[in-house]
Amino acid sequence: MITLNDIASACGVSKTTVSRVLSQDPEFSVSDQTRNLVLATAKAMNYDMSQKRRVPGGKDAKESSGHPEPAVLKVGILNYKFKLHEVSINDYYNTVFTGFMSCLKDLNLISHMEFRYVLKDSYEELKGLDALIILGKLQLNPYHPFVREIKYKIILDYLAPDYHFDSILPDFNQAVRMAIDYFHSIGHQDIGYIGSLDRIVQFAFSSREEKKDSRHLAFQNYCLQNGIKPESRIWLADSFLPEDGYAITNRLLVEGKLPPALLYGSDGLVMGAYKAFQEHGIRVGEDISVVGIDNMPFSGYLNPPLTTVALNPQLLGRAAAHALISQSEQHRDYPLTIHPPLKIVVRNSCRKLL
């Protein structure tokens, strides 16, 4: 006898998708291409269409196994920079998302979930979701009716407004402290910081709010606590990307302002800075000491390899998967703020003075 698993395997979709298509569930959203593929495959395999299944929220019925089909969790994925067909191992948020999906797969939960990528800047796109995973610095109104209807909400890399839902993000205050402590341990006291502003996207309003990010604030506090004028040791690029790391480092080199030890807010900034140092004949690890924050895959391949604070984006994603499970299956009904552990990865980009 042909089963739903046979059809799912032939179509490359989940068993749940096959069940809900064949049951003609009116609340199930699927592309016409997938729907037609499932129907055509079932017909070609002579599947007995009289076998009834249980549709979540619909009439009670039995599958050929005699067990009810579990309800499907509709999960929305929201990230303006998400590229479904262009996953890059160097992309921070794609790495986070890979960790999230890998954990769900390891726990055999993906077959009970339906994923929808939210690609439009509208609250209407959130209707009908059971869960929402927000990747990046997006500000949603937690009181909007469509947001409040979503049972399970998690934001990664940013703090949820008014702590209304789970927040999973690096503790950048700790990252800055770890970098400064490392500089001190090798004899550096004159330290500067190069970063950028946080740019928070206001969902459904097509606008951005600029503010000091937590790395910037942490280094500013370090300066104030040690009698250092922050404006003399903090410089901001236009973004955390390599081209802006190159531009600001080059400018400061021309102006002769850089201290002998530099903390960069991201490894991307450092990548651009290395080019500026090379053009000016500055030897990283000898003439200047550099520490980054990220530990992106390319960091160990720079010349010299970069000392950096590892944020472990894969672990951020896995933590999000476990947070979703604890909400949806273990019925946790209060929000959590989670900071996965950090570590400093020491390489050859710093000169030891002691």
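The values are calculated or read from the model by the stated rules, or taken from the named source; none is laboratory data. Because the structure is a prediction, the values reported are computed rather than measured. All Cβ positions, even for glycine, are placed from backbone atoms using ideal geometry, and neighbour counts span all protein chains on display. These accessible areas exclude ligands, DNA and RNA; they are computed on the full protein's heavy atoms, side chains included. Shrake-Rupley method; radii C 1.70, N 1.55, O 1.52, S 1.80 Å.
Could you say whether any residue in segment 178-196 is modelled with pLDDT under 95, on the phi < 0 side of the Ramachandran plot and of a type in the set (Gly, Ala, Ser)?
Checking segment 178-196: not a single residue is modelled with pLDDT under 95, on the phi < 0 side of the Ramachandran plot and of a type in the set (Gly, Ala, Ser).
Checking residue 254 against (1) open to solvent by less than 10 Å² (accessible area, probe 1.4 Å); (2) aliphatic (A, V, I, L, M); (3) free of Cβ contacts under 8 Å to residues at least 60 places away in the same chain; (4) over 30 Å from residue 102 (Cβ atoms), only one condition comes out false. Which one?
The single condition residue 254 does not satisfy is (1).
Quick grid of which residues meet (1) modelled with pLDDT under 60; (2) under 30 Å from residue 199 (Cβ atoms); (3) assigned to a loop (DSSP other than H, G, I, E, B):
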| residue | (1), (2), (3) |
| --- | --- |
| 13 | no, no, yes |
| 21 | no, no, no |
| 24 | no, no, yes |
| 35 | no, no, no |
| 41 | no, no, no |
| 46 | no, no, yes |
| 57 | yes, no, yes |
| 64 | yes, no, yes |
| 68 | yes, no, yes |
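Conditions (1) hydrophobic (A, V, I, L, M, F, W, C); (2) at pLDDT 95 or above; (3) under 30 Å from residue 5 (Cβ atoms), marked per residue:
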| position | (1), (2), (3) |
| --- | --- |
| 100 | yes, no, yes |
| 111 | no, no, yes |
| 117 | no, no, yes |
| 153 | no, yes, no |
| 168 | yes, yes, no |
| 173 | no, yes, no |
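Are any residues in segment 274-301 of a type in the set (Gly, Ala, Ser) and assigned to a loop (DSSP other than H, G, I, E, B), and if so, which ones?
Of everything in segment 274-301, those that are of a type in the set (Gly, Ala, Ser) and assigned to a loop (DSSP other than H, G, I, E, B) turn out to be 281, 285.
Against the condition surrounded by fewer than 22 Cβ atoms within 10 Å (Cβ to Cβ), within 29 Å of the chain's Cα centre (by Cα), in contact (Cβ under 8 Å) with a residue 60 or more places away in the chain and part of a loop (DSSP other than H, G, I, E, B), how does residue 304 come out, does it pass?
In short, no.
With respect to residue 121, is the statement that it is of a type outside the set (Phe, Trp, Tyr) and part of a loop (DSSP other than H, G, I, E, B) true?
The answer is yes for residue 121.
Could you please find all residues in segment 132-181 being closer than 30 Å to residue 261 by Cβ, assigned to a loop (DSSP other than H, G, I, E, B) and out of contact with any Leu (no Cβ under 8 Å at 6 or more places or on another chain)?
Scanning segment 132-181 gives a single hit, 137.
Quick check on my filter: what residues within segment 91-111 are open to solvent by 70 Å² or more (accessible area, probe 1.4 Å) and touching a residue at least 40 places away in the same chain (Cβ under 8 Å)?
107
Any residue at all in segment 132-142 that is open to solvent by 60 Å² or more (accessible area, probe 1.4 Å) and under 29 Å from residue 332 (Cα atoms)?
Within segment 132-142, one or more residues are open to solvent by 60 Å² or more (accessible area, probe 1.4 Å) and under 29 Å from residue 332 (Cα atoms).
What single numbered condition from (1) closer than 17 Å to residue 263 by Cβ; (2) in contact with a strand residue (DSSP E or B) (Cβ under 7 Å, 6 or more places away or on another chain); (3) open to solvent by 50 Å² or more (accessible area, probe 1.4 Å) fails to hold for residue 335?
(1)
Please work out if residue 192 is open to solvent by less than 10 Å² (accessible area, probe 1.4 Å), touching a residue at least 12 places away in the same chain (Cβ under 8 Å), in a strand (DSSP E or B) and more than 27 Å from residue 133 (Cα to Cα).
Spelling it out, residue 192 is indeed open to solvent by less than 10 Å² (accessible area, probe 1.4 Å), touching a residue at least 12 places away in the same chain (Cβ under 8 Å), in a strand (DSSP E or B) and more than 27 Å from residue 133 (Cα to Cα).
Listed here are the residues, each with its yes/no results for (1) without any contact (Cβ under 8 Å) to a residue 60 or more places away in the chain; (2) surrounded by fewer than 18 Cβ atoms within 10 Å (Cβ to Cβ).
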residue: 250; (1), (2): yes, yes
residue: 262; (1), (2): no, no
residue: 265; (1), (2): no, no
residue: 268; (1), (2): yes, no
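Given (1) without any contact (Cβ under 8 Å) to a residue 40 or more places away in the chain; (2) open to solvent by 40 Å² or more (accessible area, probe 1.4 Å), identify the lone condition not met by residue 310.
With respect to (1) without any contact (Cβ under 8 Å) to a residue 40 or more places away in the chain; (2) open to solvent by 40 Å² or more (accessible area, probe 1.4 Å), residue 310 is out only on (2).
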